[in-house]
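So the structure is just underneath, and the comments pick up after that.
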Amino acid sequence: MNISFLKLTELTSDIANKFNYWENDTQLIPFMRPVQNEADLQRQETITIDSVKQRLEYLHIYLIYQDGQLIGEMNYMVDPEHLFKKEAGTAWIGITIGEAEARGKGIGYTALQFLEEVIKQQGLQRIELGVFEFNTPAYKLYEKLGYTEIARIPDFTYWEGKMWADIRMEKYV
């Protein structure tokens, strides 16, 4: 299994279409964005080349490839408003392994190690992230990588008939 990463600088319609597919996959929606009810889980968003270009104004996006095939993306932004701990020089990270067959194979672990190194090279000293309470595999992955829980925001997102907390975690690099 050959894993590689590429900073997104040139956007193609194929990449935008992949983002659109992942962000509207009903199996992924609960893990990618907070929702308030069952209807939100079915809400489709249109991801276009222009909307991804807008993201690039504040996000550093890296594409994740497995054996030459685009399988996911990871990103970070610096000092966003939604940080729990407002500490200058903090990267907020996100990761999506969009292709189901690529999940559970250690790709997220490898990808996050790569992203942490990129962030460190940018001179940033702290990383913060949010993981929904029901996403125990991701929580365990972050713990394994040295992230520690700093807060729980109750009733943050809906999934499987109830509201769940958003767990905020941090790591100094």
Residues that are over 15 Å from the mean Cα position of the chain (by Cα) and within 23 Å of LEU129 (Cα to Cα): does the range 64-72 have at least one? yes
Just need a number here: residues in the range 64-107 that are aliphatic (A, V, I, L, M), in a strand (DSSP E or B) and either in contact (Cβ under 8 Å) with a residue 40 or more places away in the chain or loosely packed, with under 15 Cβ neighbours inside 10 Å (or both). 4
Out of the residues in the range 108-117 that are of a type outside the set (Asp, Glu) and buried (at least 17 other Cβ atoms within 10 Å of the Cβ), state the one that is nearest to TYR58 (Cα to Cα). LEU115
Quick check, is GLY98 more than 25 Å from MET1 (Cβ to Cβ), under 15 Å from the mean Cα position of the chain (by Cα) and at pLDDT 95 or above? no
What pairs can you find where one residue is in the range 138-165 and touching a residue at least 40 places away in the same chain (Cβ under 8 Å), the other is surrounded by 15 or more Cβ atoms within 10 Å (Cβ to Cβ) and not in a strand (DSSP E or B), and their Cβ atoms are less than 7 Å apart, with a gap of 6+ or different chains? ILE150/PHE84; ALA151/PHE84; PHE156/PRO34; THR157/PRO34; THR157/VAL35; TYR158/VAL35; TRP159/PRO30; TRP159/PHE134
Is it the case that GLN44 is exposed (fewer than 11 other Cβ atoms within 10 Å of the Cβ) and in a loop (DSSP other than H, G, I, E, B)? yes
Got a number for residues in the range 123-157 being surrounded by 13 or more Cβ atoms within 10 Å (Cβ to Cβ) and either of a type in the set (Lys, Arg) or part of a loop (DSSP other than H, G, I, E, B) (or both)? 10
Residues located in the range 18-41, provided they are in a helix (DSSP H, G or I), among the hydrophobic types (A, V, I, L, M, F, W, C) and over 13 Å from the mean Cα position of the chain (by Cα): ALA39, LEU41
Selected residue (criterion: farthest from GLY68 (Cα to Cα)) from residues of the range 3-41 that are surrounded by 14 or more Cβ atoms within 10 Å (Cβ to Cβ) and aromatic (Phe, Trp, Tyr): PHE31
Of the residues in the range 1-33, those that are farther than 17 Å from ILE97 by Cα and in contact (Cβ under 8 Å) with a residue 60 or more places away in the chain come to none
Residue in the range 42-60 that is modelled with pLDDT of 95 or more and on the phi > 0 side of the Ramachandran plot present: no
Only residues that are of a type in the set (A, V, I, L, M, F, W, C) and surrounded by fewer than 19 Cβ atoms within 10 Å (Cβ to Cβ): list them for the range 158-170, please. TRP159, MET163, ALA165
Scanning the range 1-17 for residues that are modelled with pLDDT of 95 or more and either in a loop (DSSP other than H, G, I, E, B) or not aliphatic (A, V, I, L, M) (or both), the one farthest from ILE119 (Cα to Cα) turns out to be ASN2
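The values are calculated or read from the model by the stated rules, or taken from the named source; none is laboratory data. A quick note: this is a predicted structure, and the numbers were derived from the prediction, not measured. With ideal geometry, Cβ positions are generated from the backbone for all residues, glycine too; neighbour counts draw on all protein chains shown.
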